[in-house]
Amino acid sequence: MNGNMDYESFFKQSVDTIKNEGRYRVFANLERQAGNYPHAINRRADATENVVVWCSNDYLGQSQNPVVREALVEAAQQFGCGSGGTRNISGTTHLHVILEEELAQLHNKEAALLFTSGYVSNDAAISTIAKLVPNCVILSDEWNHASMIAGVRNSGCEKLIYRHCDMTHLEELLQGVDSDRSKLIVFESVYSMDGDISPIGEICDLADKYGAMTYIDEVHAVGLYGETGGGISECDGLADRLTVIEGTLAKGFGMVGGYIAASNALVDAIRSNAPGFIFTTTLPPPVIGGAIASVRYVREHNELRIKHQERAATLKRMVADAGLPLMDSVTHIVPVMVGDPVLCKRATDMLLEDYNIYIQPINYPTVPKGTERLRITPTPFHSDELMEDLVRALVEVWQRLELKQAA
């Protein structure tokens, strides 16, 4: 056995491979300014510049909402900054109880359960649900998020992958599973890289027909769709047909954390069995206080959702009119195809350095190789003037890099 093995070389080799493939990620040193969203300060080694953020998942700007910020500060002053441990030891506060009640009401479910992130909620809930029911087989959309894939893998159960949003294929797979086996269909409502939506009603019909449970990830839809922000499932009137609705506090609500909403029995079973819930310190009271205020505010202000959709539609029209390769999207996501990792990174570097526009490149493994893109997320706070500046910059960058135009 070699006692002088150069372990560092393995780590360096991994990074070098990523760099050679053109998908090495460099994080901008941004300083967002409270009350001035979507503007931020970009701190570079040789300069400090004001930039406009165009790729945030803070879709409604709730992290900057004075009501939310004041609630966070008030919670810190009243309850302190830390939660004190896991929920099972000393980490449950009255605020946790209130927020879970709010989230259950948001989705018209009996109960809800908080996790430290949307990734953890998917991993913990999916894996635990599948383990708790006998001889379970999981049917998973091929484009599901990495956190859902982790949950499927960690369940140790048999998995069947159906083609993205292909209901014929899903039914073929369901037909091949013994009728007496437990089944769990896991999918997202809004797929955030392409901006398309799952046929939730059809999935529920198949689940009813073949005796399957349904698990929907609504992280890119909660707060943004439905009369009160319950997501696509509320918008389509299907929440009551879904076994589990999973969501996040980190996007439409502008905070951090994940959750599931379901029946009392299912939520209690996850609470009592999921390692990802049991063995981690819970979200601190200030975050929970801010989240309560945000959920309540967003539920009561449907005009935010209306404005958000109008801004997305306006930008899509401007991008298309400029001859840029806008990808099909029926949601608030505005994806623009590049198709090459190196050029995608160069385009975003140019936008930041020459135009003070911040957009991160979306490369593999987030999207398949050859489909690298810019993923633009307008908010209610991006004005027409900012959109005109963005489109003008995109056109110039496309010309400078000789990128493909719209077909």
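The values are calculated or read from the model by the stated rules, or taken from the named source; none is laboratory data. In this text the structure is predicted, and so the values were computed from the model without any measurement. We place every Cβ from the backbone using ideal geometry, glycine too, and count neighbours over all the protein chains shown. Each accessible area value is taken on the protein alone, full model and side chains, heavy atoms only, with ligands, DNA and RNA left out. Shrake-Rupley method; radii C 1.70, N 1.55, O 1.52, S 1.80 Å.
Worth a mention:
- All Cα pairs of segment 16-88, percent lying beyond 19 Å: 60 percent
- Residues 204, 81, sorted by accessible area with the largest first, give 81, 204 [1.4 Å probe; ligands and nucleic acids excluded].
- Three principal axis lengths of segment 247-305 [C-alpha, angstrom, descending]: 40, 25, 15
- A prolate overall shape is assigned to segment 298-339, the ratio a/c of its alpha-carbon gyration tensor axes (a ≥ b ≥ c) being 1.5 or greater and a/b exceeding b/c.
- Accessible area per residue in Å² at 1.4 Å probe, computed on the chain: 44 Å²
- Distribution of pairwise C-alpha distances over the chain, 10 Å bins, in %: 5, 21, 29, 27, 16, 4, 0
- Of 18, 34, 92, farthest towards positive along the dipole that unit charges on Lys, Arg, Asp, Glu beta carbons give segment 1-132: 18
- Helix 341-355 and the long axis of the chain differ in direction by around 60°, with both axes built from C-alpha atoms.
- The accessible-area ordering, largest first, of the residues 6, 389 stands as 6, 389, per a 1.4 angstrom probe.
- With a 1.4 Å probe rolled over the protein heavy atoms of all chains, the accessible area of 228, 314 falls in the order 228, 314, largest first.
- Span from the segment 6-31 Cα centroid across to the segment 119-176 one, whole angstrom: 31 Å
- Among 267, 15, 338: highest mean-square fluctuation, GNM of the chain, C-alpha pairs under 10 Å: 15
- Averaging the sequence gap over all C-alpha pairs within less than 8 Å and six or more residues apart, then dividing by the number of residues, gives segment 26-74 a relative contact order of 27 percent.
- As a ratio to 2.2 N^0.38 Å, the alpha-carbon radius of gyration computed for segment 272-366 takes the value 1.56.
- Helical runs assigned H by DSSP (4 residues or longer) give the chain a calculated mean residue ellipticity at 222 nm of -13500 deg cm²/dmol, each run adding -39500 (n - 2.57) before division by the residue total.
- Whole-percent carbon and sulfur share, accessible surface of the chain, 1.4 Å: 50 percent
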